[in-house]
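The structure under discussion appears below in the form of structure tokens.
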Amino acid sequence: MKVWRYESALLLRSKIAVAGLTLLAALTVASLISGIERIDSQRQAIAQIPLLQGEDLAAVIKANASAGDAGQAAYYTFHPTWNPPSALAFAAVGMRDVAPFMLRVRALGLEAQIHDGDVFNPELALAGRFDFAFLLTFLAPLFVIVLFHDIRSAETESGREKLLASLPGKLRQIYLRRSIVRLAALGLCLGLPFAVAAIDQGVTTGQIAGVLALMLAYLLFWACVAVLITWRGWNSSTNAAALATVWAIAALILPAVSNVLIERAIPVGQGAEIARAQREAVNHAWDIPREQTMQQFYAKYPQWSRSAPLGTAFHYKWYLAFHQNGDDAVQPLANAYRQGIERRSSSASALGLMLPPVGVQAALTRMAGTDMQAHLAYQDHIRAYHATLRQFYYGYLFEDRRFGERDYGMAPAYMPVTAEANVDRD
């Protein structure tokens, strides 16, 4: 045990090592605070939904209830949906920082509503938020380089390696012990603040252990790379330059180039194109006979075909019918868009098997339920909820039933699926 204490004391005598470890611990705390503040702000926004929805619904009822028209209720009533963050989301904010986690929908055409709200800044998505995942993936390797680049060269340059070789025990064992001490110091600076924050946020023991294991494996990978380079006998500055080059290639250049190649190999349109196509289909309905719209609608939804014929006056069942027709018209576009996004996501996951920085980032966002798959699952849940809304309002519209004040409160309520449930499902 004395030998291990001596190695620890030797590490702490290095001003550069102490400064590096102190900075790493400070950055870890800062990244955790940044992630927690971001996720807390989202939780606070979600917590305001019932109050704001109640105020909005009261205004809609006051303005439209006397008409007794379900069409007016469907048109003017917004129904909130939201994607609650998991307990671990603070560590890897992921898509929650660039894609909507709340969306208010009406019982009109859904695709335009989803893809209008699904616009995000690709530059922000590329850079990512300064959270624990960003720190671990991109910055932690630099601290490994600081501590490991001279692990052998410092001894050879000072002439101490010959003396160490004369001591009992193999020289390789001495360097192995020194590497373990430095790796443990790095792990402590990263893992201890994370564990404290995770316990405070209610993260399960299994997830904490999983993140810590992933963290240690990633640090070990970079430590092995550093040892392989430093063992070649170069001087300290050459080792540092070589390791910095490996870091830049593995963590920055190759992921960026691979992302461009994936985007070119798997072309995907923009969500705004689907929204525009849906609106064009909806607007076209004003220029064609209403009977043609209803025939198209009844052909796909025959359960409503027994509804009374349209008169000369405006009727909301015609209006909602051509919104549904618009959604159906762009469904092939929406499916192609979804499949393209999923193929890109799968390709990026496969890339993570070859590039550890990409793999660690993907693994953390998957564990936290903040990856693209979690966002797509939220969209699927919105679609399922919107279908229940349509069925609710269609029952009044196509059966010519009065929609009174009490009926506003009978509309289906959104029931979110937790991020933990999405992770478990996968």
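The values are calculated or read from the model by the stated rules, or taken from the named source; none is laboratory data. This structure is a prediction, so every number in the text was calculated from the model and none was measured. Methodologically, a virtual Cβ is constructed for each residue, glycine included, from the backbone with ideal geometry; neighbour enumeration extends over all protein chains shown.
Results, tabulated for the structure shown:
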{"read-out": "Lone qualifier among ALA251, ALA277, ALA244 - being at pLDDT 95 or above, surrounded by 12 or more Cβ atoms within 10 Å (Cβ to Cβ) and out of contact with any Asp or Glu (no Cβ under 6 Å at 6 or more places or on another chain)", "value": "ALA244"}
{"read-out": "Qualifying positions in the range 47-83 - farther than 13 Å from TYR393 by Cβ and assigned to a strand (DSSP E or B)", "value": "PRO80, THR81, TRP82"}
{"read-out": "Within the range 350-361, tally of residues that are among the aliphatic types (A, V, I, L, M), closer than 13 Å to ALA251 by Cα and either touching a helix residue (DSSP H, G or I) at 6+ places or on another chain (Cβ under 7 Å) or surrounded by 19 or more Cβ atoms within 10 Å (Cβ to Cβ) (or both)", "value": "4"}
{"read-out": "Residue ID - nearest to ALA91 (Cα to Cα), chosen from residues in the range 228-245 that are touching a helix residue (DSSP H, G or I) at 6+ places or on another chain (Cβ under 6 Å) and part of a helix (DSSP H, G or I)", "value": "LEU243"}
{"read-out": "Condition met for HIS315 (touching a helix residue (DSSP H, G or I) at 6+ places or on another chain (Cβ under 8 Å) and over 30 Å from PRO267 (Cα atoms))", "value": "yes"}
{"read-out": "Residue match in the range 73-90 (condition: surrounded by 12 or more Cβ atoms within 10 Å (Cβ to Cβ), touching a helix residue (DSSP H, G or I) at 6+ places or on another chain (Cβ under 8 Å) and at pLDDT below 95)", "value": "no"}
{"read-out": "Top-ranked residue in the range 174-225 [being hydroxyl-bearing (Ser, Thr, Tyr) and over 25 Å from GLY369 (Cβ atoms); ranked as modelled with the highest pLDDT]", "value": "SER179"}
{"read-out": "Candidate set: the range 396-415, residues that are surrounded by 14 or more Cβ atoms within 10 Å (Cβ to Cβ) and over 30 Å from the mean Cα position of the chain (by Cα); chosen: the one nearest to PRO100 (Cα to Cα)", "value": "ALA411"}
